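Notes follow the structure.
The values are calculated or read from the model by the stated rules, or taken from the named source; none is laboratory data. Keep in mind it's a predicted model, so treat the numbers as computed, not measured. Every residue, glycine among them, receives a Cβ derived from its backbone with ideal geometry; neighbour counts consider all protein chains shown.
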């Protein structure tokens, strides 16, 4: 019987890695010369002769991963590797020279793999690794051409909030040396900012800077980092001082040593961090006067080609056109609107779909107050949702993650501009759990009827399962275990929402409306992202479209549209990734009938790490053929 085609026009949005590993120029990935023993035997040749081709390839991947990790102090911290105290006190190299060196490594690695390893001699798992590695190098090489078209700072991401988040969320202080490394990183913020300010100034002169609306967030988020002691006369400590003080005070050292560390940390904040942030704010104020209100990537010097590159970076279909994505979104919106009308009938609502949207936006039964009590109630009920879904998960998954997940509120210093909920992966060694974050700054952006959907998407069985299971695959190369491709990861998380329905969740019709509301939201992203960046929609055009066609609040619609504007293409990954995974499951169920097993299917999807969707499609084709052959025996 015919396999499901690898390429479908409605599928395959995939994201690049969030960043390339920056490296000092002059580094090389050429394997070292073999070592000879005293008897003259070549130990490397002897060992190599005993390895399979896959083992040899994996050993090379391991060398590359460790080399990249050695170049990235921040990745080491993120993975919980804090033994190298010198690296623990540093930031990644953000220079142009480092980026150029990383690009050359991609070119060299691709050539080396193709010349020195035999694809046909690999087993199935190693072939998957080869295809993923090849995809990453090829995509990175293409994307490097457009690095000068990207924004250095946005309200969504950037070192102005990312560096404090690393210190507060990831930099552990378990010894005096760790505290010293924290102080070293505080002192290192200024030099990093100076490089990036110069880069952002150069791009601004070339017309590459965010539209005007973004700067109120940029200035506000940046100012929040240096609000409080020691930057002003406030009684409250700034986020970094509060974090550093708490971590130092938890150490089992004498009070004089604690006071000395805190004094030196305070000096670094006053002498380096504060002035660096003031320089950054001054730059934002300059750029705000230089920019305009044009929102899409089309305004950039190479805007059309850049946006196409972004779609290629977020998809395994490099030739997928903006119009194809746009049309897919329109068709999905029409379908989901029809299902929503069924919910209206079920609850006895009389009126138009837009009337129902307004009812869901405004009726007080769907919202908790923005008070300590309201936030506490929401967080408690989110934990209840996770407890319920954990009870049915074993019926649908054969392999469960060992890593734990906890629920937390987004910290106040980064709540403005953050999404309603998101997930941060735990460490490989389990020292830091995965975290489901809820943004409780404004509870109107966390309607109760969306609670289940957000929980399944960001937590269980969504991002927590996908990311944690990938990390825990000990036989898989490390680069795959920590890889994140948006079409796969976000596609899985959106698939996990609909899987909640299959697992018997969403028994309340309003919660089921919340599921459809989020699916509708992701379909709307296909329309709006392409509208903004290709069809020259304005920010207001996009807001109006989503207000008319979705149930989300004005504030959340505005914040999300502003996110799409500064992150071209990323928003298209969710729905198309979900559509492909669902198409693959429907295909497997139709082909296998009673032999189809949810646990087996989900193992194929999740236990190979983050995959380009074409590779995933091949794996499911193979799974169907093998299962059919087994049942025929």
Q. Given the conditions (1) in contact with a helix residue (DSSP H, G or I) (Cβ under 7 Å, 6 or more places away or on another chain); (2) under 24 Å from residue 615 (Cβ atoms); (3) free of Cβ contacts under 8 Å to residues at least 60 places away in the same chain, and given that residue 495 satisfies all but one, which numbered condition is not satisfied?
A. (3)
**Q.** Hits in the range 461-477 (condition: touching a helix residue (DSSP H, G or I) at 6+ places or on another chain (Cβ under 6 Å) and more than 25 Å from residue 59 (Cβ to Cβ))
**A.** 461, 462, 463, 466
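Look through 509, 477 and report the one residue that is assigned by TED's automatic domain parsing to the domain that holds residue 387, buried (at least 20 other Cβ atoms within 10 Å of the Cβ) and out of contact with any strand residue (DSSP E or B) (no Cβ under 7 Å at 6 or more places or on another chain). Lay out the reasoning, then the answer.
Details: 509 fails: buried (at least 20 other Cβ atoms within 10 Å of the Cβ).
After applying the criteria, what remains is 477.
Which members of the range 235-246 meet the condition of being under 14 Å from residue 178 (Cα atoms) and in contact with a helix residue (DSSP H, G or I) (Cβ under 7 Å, 6 or more places away or on another chain)? Can you show your working first?
Of the residues in the range 235-246, the ones under 14 Å from residue 178 (Cα atoms) are 243-246.
If the condition is that a residue be under 14 Å from residue 178 (Cα atoms) and in contact with a helix residue (DSSP H, G or I) (Cβ under 7 Å, 6 or more places away or on another chain), then 243, 244, 245 are the ones that fit.
Quick one: is residue 552 crowded, with 23+ Cβ neighbours inside 10 Å and not in a helix (DSSP H, G or I)?
On the way: crowded, with 23+ Cβ neighbours inside 10 Å: yes; not in a helix (DSSP H, G or I): yes.
Here the answer is yes, as residue 552 does meet what is asked.
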Q) In the list 392, 406, 410, which residue meets the criterion of being at pLDDT 95 or above and within 24 Å of residue 243 (Cα to Cα)? A) 406
(Q) From the list 588, 542, exactly one residue is at pLDDT 95 or above and within 24 Å of residue 305 (Cβ to Cβ). Which is it? (A) 542
**Q.** Selection count, the range 109-154, where residues are assigned to a loop (DSSP other than H, G, I, E, B) and more than 25 Å from the chain's Cα centre (by Cα)
**A.** 4
Q: Run residue 376 past the list (1) within 29 Å of residue 570 (Cα to Cα); (2) part of a helix (DSSP H, G or I) and report the number of the one that doesn't hold.
A: (1)
Q) What pairs can you find where one residue is in the range 520-534 and in a loop (DSSP other than H, G, I, E, B), the other is surrounded by 24 or more Cβ atoms within 10 Å (Cβ to Cβ), and their Cβ atoms are less than 7 Å apart, with a gap of 6+ or different chains? A) 534/307
